[in-house]
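Everything below concerns the one structure shown next.
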Amino acid sequence: MKRILVTGGAGFIGSHLSEMLLSQDFEVVCIDNFNEYYSPNSKRRNIGRLTKQDRFTLFEGDILNLDLLQQIFRNQRIDVVVHLAARAGVRASIKQPMLYQQVNVEGTTNLLEMAKEFEVEKFIFGSSSSVYGENKKVPFSEEDPVDHPISPYAATKKSGELICYTYHHLYELPVACLRFFTVYGPRQRPDMAIHRFTKNIYAGDAITMFGDGKSRRDYTYITDIIDGICKAIDCCESYHIYNLGESRTIELSELIELIGKCLSKKPKIETLPVQPGDVPITYADISKARNEIGYEPRIGIEQGVENFVKWYVEMGSS
C-alpha cells in the first residue's frame, strides 16, 4: 500500500485530496501548521472525520522545520509527496514578500531534499496560474514564457517549478508541477472571490469589485482539480508541467450576477481601482494535461457556483 505525504493537508485542496486518497486505499500522512492566514478551526473541521481513520496520520508542524521533516520521512517511509503547503494570495504576498519567499521557496527546497535523501518515488508540486503574469496570448499554454511574474507569490511559484526541475535533473526524481487555475468549491479559503462575494451577498452587505468588472478568470471546481492531481500521481514520470483549469472564462461582473442569482439576492457593488498584482485574464489551455494524463474537467461554473452556494448556506455561514 502506497503512503502519500500531503503537505498543507488540512487546507481546502489538501483535505479534499486526502479524502480521495483514503477512499482509494492509500495511506495518507498530513502535515499542516494551521497558521492564522485564515481560521485554524476551519482547517480542523476540514479533516475532522479523517483523523478518526487508521490510514490517516496528522503532524502539526511546519515545512520549515527540518528536524520534523527528517522525523516524518525517516519513520513514515513516504512513497509519494504531494506538496500543497504554501503561503497563498497575490495581494498578501506584496505586503509580506520575505515570508512568502521563506515558506514557498525554502519550504519547497526542504521537501525536495527529503525526497532525495529518502528516495521518494514521485513528487507533485502545487503551482499556480499566477506564473503566467500578464500573458497576452490566450489560452495560456505550458510552452508560454513565464519570466515576468507580477507578484511575489507568482515569483515563488515559478521558483518552485525551477527548483523541482533541478532536483529532477540532478537526482532523476519524477516531478509533476500542476498550475492550478482559481480553484473553488466547498471549503474554499474565505479570502477568495467566490467565497467573499457569497458571504457578503448572503448577508446583504456590499461587495468590493476591483476594476470595471471586465477581468476574466478560469475557475476550476475542486473535484476536477482533485481528479487532475490523482491522475498526475498515477502518470508522474520524468518532469512535466500541466495546466489544471476548466479552460473557460467568465467576467467578474457575470460571476457576481451568477452568485446573486443562486442566492436569489441582488448584489450591492462598491467599485474600487484594480489592485497591484492582479492580472486581467487567466485562461488554461488544458490540451497537454488532457492528452498526457487524461485530465477532463466536468463541472462548469454554473453548476460549481450553485454547489458552493448550497454548501455555504448549509454550513459555511456558521
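Laboratory data are not the source of any read-out in this text; all were calculated from the coordinates shown. Computed from a predicted structure; not experimentally measured. No Cβ is skipped: glycine too gets one built from the backbone with ideal geometry, and neighbour counts run over all protein chains shown.
Some observations on this one:
- Here the dipole of the chain is about 940 debye; that uses its Cα centre as origin and unit charges on the Cβ of Lys and Arg (positive) and Asp and Glu (negative).
- Bridge orientation summary for the chain: considering DSSP beta bridges with both residues in this region, about 5 percent are antiparallel.
- Matching label, Kirkwood radius over Cα pairs in Å computed from the structure shown, candidates [x] 23.1; [y] 24.7; [z] 19.9: [z]
- Local electrostatic count, residue 217, Cβ distance below 12 Å [Lys/Arg +1, Asp/Glu -1]: -2
- Cα-centred dipole magnitude for the stretch 240-298, charges only on beta-carbon of K, R (+1) and D, E (-1), debye, nearest 20: 280 debye
- Here the 3J(HN,Hα) profile of the stretch 217-223, calculated from phi with Karplus coefficients 6.51, -1.76 and 1.60 at θ = phi - 60°, is 10, 9, 8, 10, 6, 4, 5 Hz, Gly and Pro shown as x.
- Per-residue Karplus couplings for the stretch 199-212, computed as 6.51 cos²θ - 1.76 cosθ + 1.60 with θ equal to phi - 60°, are listed in order as 4, 6, 5, 4, 7, x, 8, 6, 9, 9, 10, 8, x, 8 Hz, Gly and Pro entered as x.
- For the stretch 169-238: rounded, prolate or oblate by the Cα gyration tensor [a/c cutoff 1.5]: prolate
- Links that overshoot a 27 Å alpha carbon limit, given the list 158/310; 95/137; 137/214; 116/137: 158/310; 95/137; 116/137
- Net length available on complete extension from residue 248 to residue 121 is 42.3 nm, with 0.36 nm assigned per residue and the Cα-Cα distance removed.
- Estimated at 0.36 nm per residue, the fully extended path between residue 25 and residue 65 surpasses their Cα-Cα distance by 11.5 nm.
- Alpha carbon Rg of the stretch 109-190, scaled by the compact-globule rule 2.2 N^0.38 Å: 1.21
- Among 245, 107, 213, residue whose mean-square fluctuation peaks in a GNM of the chain (springs only between Cα atoms under 10 Å): 213
- Length added when fully stretched, residue 35-residue 288, from 0.36 nm per residue minus Cα-Cα: 87.6 nm
- Between 14, 204, 61, the Gaussian network model of the chain with springs among Cα atoms under 10 angstrom shows the greatest mean-square fluctuation at 204.
- If you sort the three axes of the alpha carbon gyration tensor as a ≥ b ≥ c, you get a/c of 1.5 or more for the stretch 270-318 and a/b no higher than b/c, which makes it oblate.
- Dividing the summed helix terms, -39500 (n - 2.57) for each DSSP H run of n ≥ 4, by the number of residues in the chain produces a 222 nm estimate of -12000 deg cm²/dmol to the nearest 500.
- Global geometry of the stretch 45-95, whether rounded, prolate or oblate, following the gyration tensor of its Cα atoms and the 1.5 cut on a/c: oblate
- When the Cα positions of 166, 114, 130 are compared along the charge dipole of the stretch 93-169, 130 comes out farthest toward the positive end, with charges on each C-beta of Lys, Arg, Asp and Glu.
- Close amide H contacts of residue 140 (hydrogens built in the peptide plane, cut-off under 5 Å, sequence separation of 5 or more or a different chain): 283, 284, 285.
- Per-pair calculated FRET efficiency, R0 = 45 Å: residue 136 and residue 51 via Cβ, rounded to 0.05: 0.45
- Semi-axes of the equivalent ellipsoid of the stretch 238-280 are 30, 17, 7 Å, computed as sqrt(5λ) over the eigenvalues of the C-alpha gyration tensor in descending order.
- Residues whose placed amide H lies under 5 Å from that of residue 209, excluding near-sequence neighbours: 270, 271, 272
- Computed E for residue 199/residue 102 - FRET, C-beta separation, R0 25 angstrom, nearest 0.05: 0.25
- Normalised convex hull volume, the stretch 20-110, alpha-carbon set, Å³ per residue: 109 Å³
- Note on the stretch 136-281: percent of Cα-Cα distances in each 10 Å bin, starting at 0 and stopping at the bin with the largest distance, equals 10, 33, 33, 17, 6, 1.
- Dimensions (Å) - the stretch 151-191, Cα atoms, principal axes, largest first: 39, 23, 12
- Both the radius of gyration and Dmax for the stretch 204-295 are 16.8, 51 Å, in that order, over alpha-carbon atoms.
- The charge dipole of the stretch 95-179, taken about the Cα centre with unit charges on the Cβ atoms of Lys, Arg (+1) and Asp, Glu (-1), comes to about 400 debye, rounded to the nearest 20.
- FRET efficiency estimate (nearest 0.05) - Cβ-Cβ, residue 234 to residue 278, R0 25 angstrom: 0.10
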